[in-house]
Amino acid sequence: MTSLPLVFEAPTRALPPRHLADLDPAARREAVVALGEKAFRAEQLSRHYFAGHLPEQMTDLGGDARERLVGDLLPTLLTPVREVETDRGDTVKTLWRGHDGTLVESVLMRYADRTTVCISSQAGCGMACPFCATGQAGLTRNLSTAEIVEQVVAAQRTEAARGGRVSNVVFMGMGEPLANYNRVIGAVRRIVDPAPHGVGIGQRSVVVSTVGLVPAIRRLTGEGLQVTLALSLHAPDDELRDTLVPVNTRWPVREVLKAALDYTRETGRRLSIEYALIRDVNDQPWRADLLAKLLKNKLVHVNLIPLNPTPGSEWDASPKPVEKEFVRRLKAAGVNATVRDTRGREIAGACGQLSASG
């Protein structure tokens, strides 16, 4: 088997302090009782936290109880370092610093009909995809469940101040979500659980992205969740995908597609195929035809992504006429396909651009 420049196990780092979002409801009650409070305080604290309330807004807890519970169960996990905006303030990228100095990024995107937050599951990424700034940076460590959830809660807090709310969450920020499987699934459950136990975002409004870790996809299929699976394919043939997505040498195109489509059959959720169009690399008409052949009559949607520029990359986005022809061929074969509305390119906040540079 070919040796891969991939990292599935994150380097050992000091774990973040315990946080309410790391615990399930039963464990939260136990933790609250251990602090000398009544068990019902756990639901009060949870309701406030997942709604994005600050400690001073948790007035029903009482001064002493609030100080004790917040101090022990709501430690600061992520501190904002910098925010940059584009699209007249509708796209906001936040650089966060973790307890150990680790840097990660999230992106808040406001649309007419929804507000989406794109969150990170790892600091860096070990998948080594050469066209992605995060993959080029390598993996620093996995994020904890609470660090992942905190990105959503912080976005909720921001939107609540504007009279709105976050409606959608996409695990498309830094990292390979399924390489941090247990913590990501824990975070998904906190995000979709209704109040007071979670944020209360609908499962069908959550997207989990992967480059194709087949064992983890099969494990996800058995979780009983209704989240959308997004497969970062980027090439329909193994020869090219081995280069663009190195994990393909371990789980090739047909194997990863089978696993992903099995998830679709089990859940009834449409599979999202992510395909970054790269000039003269993966945008040839014959590759569009091969992709269509693989996906025809399947419950899928192809998201074609104009390649976003990254430092040091020699690759560029496909010309518009080439992009249009690629879409035409897919649609002519009966495959749903659209070109993604890219947000945040000007602030290095678009797909493949997150690098958490301080």
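The values are calculated or read from the model by the stated rules, or taken from the named source; none is laboratory data. Keep in mind that this is a model prediction, so the values were computed, not measured. All Cβ positions, even for glycine, are placed from backbone atoms using ideal geometry, and neighbour counts span all protein chains on display. With ligands, DNA and RNA removed, areas are computed over all heavy atoms of the protein, side chains included. Shrake-Rupley method; radii C 1.70, N 1.55, O 1.52, S 1.80 Å.
If you take just the helices (runs of 4 or more DSSP H) that sit entirely in segment 141-252, which of them hold at least 2 residues that are more than 25 Å from L277 (Cβ to Cβ)? Before the answer, list the steps.
Numbers: elements: 145-161, 181-192, 214-221, 238-244.
By residue number, 145-161, 181-192, 214-221.
Look at D100 and say whether it is farther than 25 Å from V166 by Cα and loosely packed, with under 12 Cβ neighbours inside 10 Å.
no
Would you mind stating whether G175 is small (G, A, S), modelled with pLDDT of 95 or more, within 14 Å of the chain's Cα centre (by Cα) and surrounded by 18 or more Cβ atoms within 10 Å (Cβ to Cβ)? Can you show your working first?
On the way: small (G, A, S): yes; modelled with pLDDT of 95 or more: yes; within 14 Å of the chain's Cα centre (by Cα): yes; surrounded by 18 or more Cβ atoms within 10 Å (Cβ to Cβ): yes.
In short, yes.
Taking V153 and the conditions (1) on the phi < 0 side of the Ramachandran plot; (2) in contact with a strand residue (DSSP E or B) (Cβ under 9 Å, 6 or more places away or on another chain), which numbered condition does it fall short on, given that it satisfies the others?
(2)
Please indicate, with yes or no, whether at least one residue in segment 147-165 is farther than 17 Å from V199 by Cα and within 15 Å of the chain's Cα centre (by Cα). Give the steps one after another, and end with the answer.
Kept after step one, since they are farther than 17 Å from V199 by Cα, are these residues of segment 147-165: 162.
Still in the running and within 15 Å of the chain's Cα centre (by Cα): none.
Within segment 147-165, none of the residues are farther than 17 Å from V199 by Cα and within 15 Å of the chain's Cα centre (by Cα).
Across segment 110-166, what is the total count of residues that are closer than 15 Å to L77 by Cβ, in contact with a Gly (Cβ under 6 Å, 6 or more places away or on another chain) and among the aliphatic types (A, V, I, L, M)?
2
Kindly provide the set of residues from segment 136-172 that are within 19 Å of I305 (Cβ to Cβ) and open to solvent by 10 Å² or more (accessible area, probe 1.4 Å), ordered by number.
Q136, N168, V170, M172
Being buried (at least 22 other Cβ atoms within 10 Å of the Cβ), at pLDDT 95 or above and of a type in the set (K, R) is true for just one of R241, R218, R269. Which residue is that?
Numbers: R218 fails: buried (at least 22 other Cβ atoms within 10 Å of the Cβ); R269 fails: buried (at least 22 other Cβ atoms within 10 Å of the Cβ).
Matching residue, one of R241, R218, R269: R241.
Return the only residue of N308, N297 being part of a loop (DSSP other than H, G, I, E, B), open to solvent by 50 Å² or more (accessible area, probe 1.4 Å), farther than 20 Å from L178 by Cβ and polar (S, T, N, Q).
That would be N297, the only listed residue that is part of a loop (DSSP other than H, G, I, E, B), open to solvent by 50 Å² or more (accessible area, probe 1.4 Å), farther than 20 Å from L178 by Cβ and polar (S, T, N, Q).
Of the residues that make up segment 283-303, is at least one on the phi > 0 side of the Ramachandran plot and in contact (Cβ under 8 Å) with a residue 40 or more places away in the chain? Lay out the reasoning, then the answer.
Residues of segment 283-303 on the phi > 0 side of the Ramachandran plot: 297.
Then keep just the ones that are in contact (Cβ under 8 Å) with a residue 40 or more places away in the chain; that gives none.
No, segment 283-303 contains no residue that is on the phi > 0 side of the Ramachandran plot and in contact (Cβ under 8 Å) with a residue 40 or more places away in the chain.
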